[in-house]
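Below: one structure, written as structure tokens.
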Amino acid sequence: MRDNKEESLDPDEWEFSRALAHKMVDEAIDHLARVRERPVWQAMPEEVRATFQDELPLNPSPLETVYKEYKETVRSYPMGNIHPRFWGWYMGSSNFTGALGDFLAAVEGTNLGGGNTGAAQVEQQVLDWLKEIAGFPKSASGTLTSGGSVANLVAHTVIRNLSAGYDVRKEGVAELSRPLRFYASDQVHSCHQKALEILGLGSKALVEVPTDAHQRLQIDALQAAIVEDRAKGLQPACVIGTAGTTNTGAIDDLTSIADLCDHEGLWFHVDGCIGGVLRLAPEYADLVAGIERASSVAIDPHKWLHTPFEAGAVLIKEPKAHFATFEMHGPYLQLQERGMIAGKFLADYGLELSRGFRALKIWMAFKEQGAAKFGRIISQDISHARYMANRVEQHVQLELVAPVNLNIVCFRHVAADEGAAKTLNTEIMLRLQERGLAVPSDTTVNGKHGLRCAFNNHRTKREDIDDFLNDVLRVADEIISEENA
Ligand SMILES: *Cc1c(COP(=O)(O)O)cnc(C)c1O
């Protein structure tokens, strides 16, 4: 039997925890400062994997032991996206101030559901800054989300409810007399299909419009699809313009889409998960001209702002419709004019009630670095991509498989035919990853398979690109000579 002494989760000895926490910070700094010396990635050995099969620990262990285990079995096997030669898929590379922000937010413990708190002010201010960046008015509403997928889902929910013309929240989608249609290029991110499926509209509600040679949505084809769907009795609701596709960094002609949406009376949503912050880089701001005319935009701070995962954001120019889509209060959560719960209730603008204080890590990094610095990092990434594209074009053994639209390079080592190219380049990619030399990913553009480097990494230096291309050529030679042996 326990005696009746109360317990808490606080340490028995704060001084001991203080010393250990200091050690964790010291080692975290060493970990970051030496990131270049480590392999980008390494596979987890079976014996380490086996340690994750232990059952629920009922009894305590000293935190020092837990920390040691974390270092050995977890931190030694990271994704590697903080490494200067990680360019796979589309990650951010995090930042230390952001990490401190996450720590401080967790210590403070505030829930961003709503309420009269400093944290709520920080979130509103971060949203206001994102509005400035995207060219949205301060009157727009918004919310921070876990990422771009949820940010887009929040926007699509508002668009669905507004387009239906009746109370979808009450009646559900079954009452839709004319099925809704959302248009996007065939390069659109898969999260849009997922969102429309979740919203009960079905994947066929997403109409994928063909793209041009630069993977941009073809405006004529868009116009034709809308006319055709109207004739079929469907209801065009929204055009999704992508400001930076995940595959090749293509930026749709946002101005033409805005004109078309004005003319057709459609909602214009921009998926700016990649390029929504491009206006921070003055020399590239033109690329996203028209973004400011969208009715909503999704932005992903954990991508080009390098916020530690997770942080997404959505901004919506119809705050009333946004509120009407998500507002919900149980009897246990009634608002007050005064006291802790007073003020804008943030959960009225999204799916989640409880949310972490993810705004702090963004807020601190903006204040510390200045927004202009983020713009320069964006330009630097684009320069890296152009530099690499040049080097690829100059080398007879290498070829681009897609135009370099922004910060993404799709290229490959040449081979006898398409099948051989896919086999060779996949093997090059896997060997580079397995040896911890670099993490590129791969993709297929216009039927051509190739390696893909997305430069979204503030630690990358030009020599990383030189080293990487040398490694690609060396590994390719090795594979080819093995085949010929
Ligand atoms: C990454 C990405 C998304 C999805 O965002 P998550 O943060 O991964 O949920 C959506 N659209 C585009 C264009 C993206 O690049």
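Only residues that are open to solvent by less than 10 Å² (accessible area, probe 1.4 Å) and closer than 16 Å to Phe374 by Cβ were counted in segment 117-130, giving 2. Residues that are of a type in the set (Ser, Thr, Tyr) and touching a residue at least 12 places away in the same chain (Cβ under 8 Å) were ranked within segment 343-391; the one that is surrounded by the fewest Cβ atoms within 10 Å (Cβ to Cβ) is Ser354. Within segment 330-342, does at least one residue satisfy the condition of being surrounded by 15 or more Cβ atoms within 10 Å (Cβ to Cβ), in the same structural domain as Val158 (by TED's automatic domain parsing) and on the phi < 0 side of the Ramachandran plot? There is at least one residue in segment 330-342 that is surrounded by 15 or more Cβ atoms within 10 Å (Cβ to Cβ), in the same structural domain as Val158 (by TED's automatic domain parsing) and on the phi < 0 side of the Ramachandran plot.
How many of the residues making up segment 237-257 are open to solvent by 10 Å² or more (accessible area, probe 1.4 Å) and away from the ligand (no atom under 15 Å from the Cβ)? Matching residues across segment 237-257 total 3. The residue of segment 43-78 that is nearest to Gly88 (Cα to Cα), among those that are aromatic (Phe, Trp, Tyr) and open to solvent by less than 60 Å² (accessible area, probe 1.4 Å), is Tyr77. Any residue that is of a type in the set (Ser, Thr, Tyr) and within 21 Å of the chain's Cα centre (by Cα) - is there at least one of those in segment 170-182? Scanning segment 170-182 turns up no residue that is of a type in the set (Ser, Thr, Tyr) and within 21 Å of the chain's Cα centre (by Cα). For Val40, the conditions (1) open to solvent by 70 Å² or more (accessible area, probe 1.4 Å); (2) within 22 Å of the chain's Cα centre (by Cα); (3) β-branched (Val, Ile, Thr) all hold with the exception of (1).
When segment 189-205 is filtered for residues that are open to solvent by 20 Å² or more (accessible area, probe 1.4 Å) and either within 14 Å of the ligand (Cβ to nearest atom) or over 29 Å from the mean Cα position of the chain (by Cα) (or both), the ones remaining, listed by number, are His189, Ser190, Gln193, Lys194, Ile198. Listed by position, the helices (runs of 4 or more DSSP H) contained in segment 84-194 that have at least 1 residues being within 30 Å of Arg459 (Cβ to Cβ) and in the same structural domain as Glu318 (by TED's automatic domain parsing) are 96-108, 118-134, 148-164.
In the set (1) basic (Lys, Arg); (2) exposed (fewer than 14 other Cβ atoms within 10 Å of the Cβ); (3) touching a Phe, Trp or Tyr at 6+ places or on another chain (Cβ under 9 Å), the condition left unmet by Arg85 is number (2). Candidates in segment 99-115 are the residues that are more than 18 Å from Ser146 (Cβ to Cβ) and modelled with pLDDT of 95 or more; of these, the one that is surrounded by the fewest Cβ atoms within 10 Å (Cβ to Cβ) is Val107. Can you find even one residue in segment 288-301 that is open to solvent by 10 Å² or more (accessible area, probe 1.4 Å), in contact with a Gly (Cβ under 9 Å, 6 or more places away or on another chain) and away from the ligand (no atom under 13 Å from the Cβ)? Yes, segment 288-301 contains at least one residue that is open to solvent by 10 Å² or more (accessible area, probe 1.4 Å), in contact with a Gly (Cβ under 9 Å, 6 or more places away or on another chain) and away from the ligand (no atom under 13 Å from the Cβ). The helices (runs of 4 or more DSSP H) located wholly in segment 352-455 that include 2 or more residues which are of a type in the set (Phe, Trp, Tyr) occupy 359-369, 371-394. Here Ala225 passes the criteria (1) aliphatic (A, V, I, L, M); (2) over 28 Å from the mean Cα position of the chain (by Cα); (3) within 16 Å of the ligand (Cβ to nearest atom) except the one numbered (3).
The values are calculated or read from the model by the stated rules, or taken from the named source; none is laboratory data. For clarity, every value in this text was computed on a predicted model and none was experimentally measured. Positions of Cβ are backbone-derived with ideal geometry, glycine not excepted, and every protein chain shown enters the neighbour counts. Each accessible area value is taken on the protein alone, full model and side chains, heavy atoms only, with ligands, DNA and RNA left out. Shrake-Rupley method; radii C 1.70, N 1.55, O 1.52, S 1.80 Å.
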